[in-house]
Amino acid sequence: MMSAVLFRLACLVLPLFCLLCPVCPAAAQAYVVQVDSIAADGLNFAANPDYVFRPGREGMVGVNVDDLRFREVAELVASCLASRGMREVADGERADVAVYLSYGVGDERREIRVMDIPGPCRPLDPWCRDDPFFYDSCRRRTVRVVTTWLIRLDVSAYSLNERGELSGQLWSTRAECRSSSRDERAVLPWLVEAMRGDFASDTHGIVSYEVRLNRNRPPEIRRLP
């Protein structure tokens, strides 16, 4: 009898204690990124090592290569190109390849979600979960209106002839995800990380990755089934 009373007190007092002294770690933030990439057959990066960045045609009206936001995105993509043995050149006349970048925020969507919100601590005894009064102190159901935006990045490359004209597409790699923030600068780095393994290759359709951000640890990236 005394043991049951102690467990009841623990289930009631422990959540209050955790509210005053929170020790439970915050949930890791995660993005689900969809990648779709296609490349020309027999693509040889060594044959066309020098490239220049150019703003893409879609949604990039008025943007030039000196735009600070454009340069920030270009530097993220440049890390993928460097891993393929390619290098950016300042003189467009020396370039073998033109790499077009298009990025942006769009497709605002609002969804109604019913969620069980865990409390700061879980009950110590399974008996507590069978008691609605004590269980409600540890977990509550709530209805929220969640707004998300589509963050996208499109990288397309074309070979250049001696006159600097486009002579054929080499690859097109696209990545996008839905985010509760419309701050593209916060999300684009994770789009690049998700597309890195498939960059300038053929995914034969859309593949999905989960990018999980953990405090004080490197991000975890895994391919979803």
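Charged neighbours of residue 84, selected by a Cβ distance under 15 Å, balance to -3 (K, R count +1; D, E count -1). What the phi angles of the range 60-68 give under the Karplus curve with 6.51, -1.76 and 1.60, with θ = phi - 60°, is a coupling list of 10, 5, x, 8, 10, 5, 8, 4, 4 Hz, glycine and proline written as x. Karplus-based coupling profile of the range 83-100, in residue order and whole Hz: 5, 9, x, 9, 9, 7, 10, 6, 8, x, 6, 8, 6, 8, 9, 10, 9, 9, with θ = phi - 60° in 6.51 cos²θ - 1.76 cosθ + 1.60 and x standing for Gly or Pro.
DSSP loop trypsin sites (Lys or Arg not before Pro) in the range 161-224 with at most 12 other Cβ atoms within 10 Å of their Cβ, which ones? Mind showing how you got there, number by number?
On the way: sites: 163, 174, 178, 182, 185, 196, 212, 215, 222, 223; in loops: 163, 182, 215.
The qualifying sites are 163, 215.
Residues in the range 78-120 near a label at residue 144, defined as backbone nitrogen under 17 Å from the 7 Å Cα→Cβ point? Only 109-120 fall inside the zone, counting backbone N under 17 Å.
A simple spin-label model places pseudo-atoms 7 Å from Cα toward Cβ; at residue 29 and residue 115 they are separated by 1.4 nm.
No lab work stands behind these numbers, since they all come straight from the coordinates. This is a predicted model, so every value here is computed, not measured. Every residue, glycine as well, gets a Cβ built from its backbone with ideal geometry; the counts of neighbours run over all protein chains shown.
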